[in-house]
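**Q** I'd like to ask some things about the structure below.
The values are calculated or read from the model by the stated rules, or taken from the named source; none is laboratory data. Fair warning: this is a prediction, and the values are worked out from it, not measured in the lab. Because the Cβ atoms are built from the backbone with ideal geometry, glycine has one as well, and the counts that use them run over all protein chains shown. Surface areas here come from the heavy atoms of the whole protein model, side chains and all, with no ligands, DNA or RNA. Shrake-Rupley method; radii C 1.70, N 1.55, O 1.52, S 1.80 Å.
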Amino acid sequence: MSEEKEPASWSTVIWMLVISLIGFGFAITRFIQFTQQEHPLRGLRLTRIELYIYRATGQWGVIIIFIIMGIFGLYNAIKAFRSIRSRQQ
């Protein structure tokens, strides 16, 4: 069985860039917030999923997850962009 894939579009590129910016943006934001705190989690509001990740891996785990999210978005944006360019030629 061959898996049918939907061809990449410009909206795919834009959405993947948005995901990348969100991932890298939150990584930078959380890094700044974690480094400015004397006591972990005092006055810092984490989402429920971030709190579970923080409890399991610590502050660097939360930051690494967001970096991975940014890399994933950037990789897929580049992949979709190349797919669009190869189709146009």
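**Q** Looking at segment 14-48, which of its residues are modelled with pLDDT of 95 or more and either among the aliphatic types (A, V, I, L, M) or in contact with a Cys (Cβ under 7 Å, 6 or more places away or on another chain) (or both)?
**A** 14, 16, 17, 18, 19, 21, 22, 27, 28
**Q** Continuing with this model, one more query. Pairs only if they're at least six apart or on different chains, beta carbon under 6 angstrom, first in segment 61-75 and within 19 Å of residue 51 (Cβ to Cβ), second buried (at least 17 other Cβ atoms within 10 Å of the Cβ) and charged (D, E, K, R); list them, first residue then second.
**A** 62/30; 62/50; 63/30
**Q** Starting from segment 9-37, keep only residues that are closer than 8 Å to residue 73 by Cα and touching a residue at least 12 places away in the same chain (Cβ under 8 Å), then list their pairs with residues that are open to solvent by 70 Å² or more (accessible area, probe 1.4 Å) and part of a helix (DSSP H, G or I) whose Cβ atoms are within a distance under 6 Å, requiring at least 6 positions of separation or different chains.
**A** Pairs that qualify, where the first residue is closer than 8 Å to residue 73 by Cα and touching a residue at least 12 places away in the same chain (Cβ under 8 Å) and the partner is open to solvent by 70 Å² or more (accessible area, probe 1.4 Å) and part of a helix (DSSP H, G or I), are 20/74.
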